[in-house]
Amino acid sequence: MNEKTREKPNPGIVVLTGAGISRESGLDTFRDADGIWSRVRIEDVATPEAFARDPERVHEFYNARRAGLAAGEIVPNAAHAALGRLEAEWPGGVLVVTQNIDDLHERAGSRNVLHMHGELLKVRCGFCDAQAACTGDLGVDVACPECAVAGGLRPHVVWFGEMPLEMERIYQVLEGCGLFLSIGTSGNVWPAAGFVAHVKQAGGAHTAELNLEPSEGAVLFDETLYGRATIIVPAYIEKILTAGW
Ligand code: BV8
């Protein structure tokens, strides 16, 4: 713990997570050899242009991921559980800012979860902007539960070229935290890839990267630990709760 954060007895903790934390739960990552982007092109399924061009293709892509997430064998792992424990036991604030659109953090007991890239189990209406829960398949013929118009519903996810959610709140908590932890992300996607630099500019926080391998921004972190999330995250959380950082 450094000077500035030593002032505050229990400084806040911000944890950024990416697809790597859900890999051992059976969900694919994006950029690993067997990742999602090795099978489909971002331009075909994860941009507003793709949705305008071929909405059924995009629905098919997210329907398959939604069905996969709802499958019984996909459950939170020890890394998700460790973050649930951190929130329950750390006297200061803990916010999980996740790039993931799955619900494994919440299923592992985390309450303060901010999905900056949206949520797979939610849909949004392009006509009335209503949001609704969605566990089944979506299609252009499905009517909005609010305005009853069909053809406007889309997955409530942030596509490339779209503004991530709650950016102001995210920068605010980053500027006031005592520890910034980055778990299971390759650091290729912006603005999330810029958070560590933003924290360092703000001055006081300690920064740590926990990942299978060094990310694009690895050199910017004060501390790095490499290995599988289910192994290194519970150990690191235990250390924080018993000895701080
Ligand atoms: C925006 C939702 C304007 C949908 C996603 C040039 C320079 C800079 C930026 C850009 C640029 N050109 C374009 C951009 C912007 C673009 C961008 O960053 N493109 C990249 C590809 C160059 N960004 C945007 O368009 C964003 N919007 O910029 O708006 C703006 C500007 C400023 C401020 C505000 C707004 C919107 C981006 C969001 C897109 N939507 N997802 C969906 O999921 O289908 S992004 C998608 O990638 C996921 O959300 C994912 O989380 C994110 C990042 O990927 P990772 O999670 O890091 O996954 P990856 O596979 O890459 O890495 C996994 C890591 O885990 C690896 O390091 C691996 O080693 C590790 N790992 C694997 N197994 C394990 C493990 N670690 C531990 N244990 C294991 N077992």
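The values are calculated or read from the model by the stated rules, or taken from the named source; none is laboratory data. What you are looking at is a predicted structure, and each value in this text was computed from that prediction instead of being measured. Reconstructed Cβ throughout: ideal geometry from the backbone, glycine too, with neighbour counts over all protein chains shown. Please note that ligands, DNA and RNA were not included when accessible areas were found on the heavy atoms of the full protein model with its side chains. Shrake-Rupley method; radii C 1.70, N 1.55, O 1.52, S 1.80 Å.
Among A50, A67, A81, which is the only one that is out of contact with any Pro (no Cβ under 6 Å at 6 or more places or on another chain), within 25 Å of T135 (Cα to Cα) and either in a loop (DSSP other than H, G, I, E, B) or within 13 Å of the ligand (Cβ to nearest atom) (or both)?
Details: A67 fails: either in a loop (DSSP other than H, G, I, E, B) or within 13 Å of the ligand (Cβ to nearest atom) (or both); A81 fails: either in a loop (DSSP other than H, G, I, E, B) or within 13 Å of the ligand (Cβ to nearest atom) (or both).
Exactly one of A50, A67, A81 is out of contact with any Pro (no Cβ under 6 Å at 6 or more places or on another chain), within 25 Å of T135 (Cα to Cα) and either in a loop (DSSP other than H, G, I, E, B) or within 13 Å of the ligand (Cβ to nearest atom) (or both), namely A50.
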In segment 205-236, residue least open to solvent (accessible area, probe 1.4 Å) [restricted to those that are within 17 Å of the chain's Cα centre (by Cα) and either of a type in the set (V, I, T) or farther than 15 Å from T185 by Cβ (or both)]: V233
Condition broken by F30, with the remaining ones in (1) in a helix (DSSP H, G or I); (2) open to solvent by 20 Å² or more (accessible area, probe 1.4 Å) satisfied: (1)
Close pairs (7 angstrom Cβ cut-off, 6 or more residues apart or separate chains): near the ligand (Cβ under 9 Å from one of its atoms) in segment 10-35, among the basic types (K, R) anywhere: E24/R228; T29/R23
Test: F180 is in a loop (DSSP other than H, G, I, E, B) and either surrounded by 14 or more Cβ atoms within 10 Å (Cβ to Cβ) or out of contact with any His (no Cβ under 8 Å at 6 or more places or on another chain) (or both): no
Residue list for segment 102-146, restricted to those being touching a residue at least 40 places away in the same chain (Cβ under 8 Å) and part of a loop (DSSP other than H, G, I, E, B): D102, M116, H117, C134, T135, G136, D137, L138, G139, V140
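Residue-by-condition table, conditions (1) within 28 Å of A243 (Cβ to Cβ); (2) at pLDDT 95 or above; (3) away from the ligand (no atom under 15 Å from the Cβ):
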site	(1), (2), (3)
W90	yes, yes, yes
N100	no, yes, no
L120	no, yes, no
G151	no, no, yes
Which listed residue is at pLDDT 95 or above, open to solvent by 40 Å² or more (accessible area, probe 1.4 Å) and within 16 Å of the ligand (Cβ to nearest atom), from E168, E106, E146: E168
Scan of segment 147-168 for residues that are in a loop (DSSP other than H, G, I, E, B) and under 19 Å from the mean Cα position of the chain (by Cα), ordered by number: V158, W159, F160, G161, E162, M163, P164, L165, E166
From R23, R57, R66, R6, residue being surrounded by fewer than 16 Cβ atoms within 10 Å (Cβ to Cβ), among the basic types (K, R) and modelled with pLDDT of 95 or more: R57
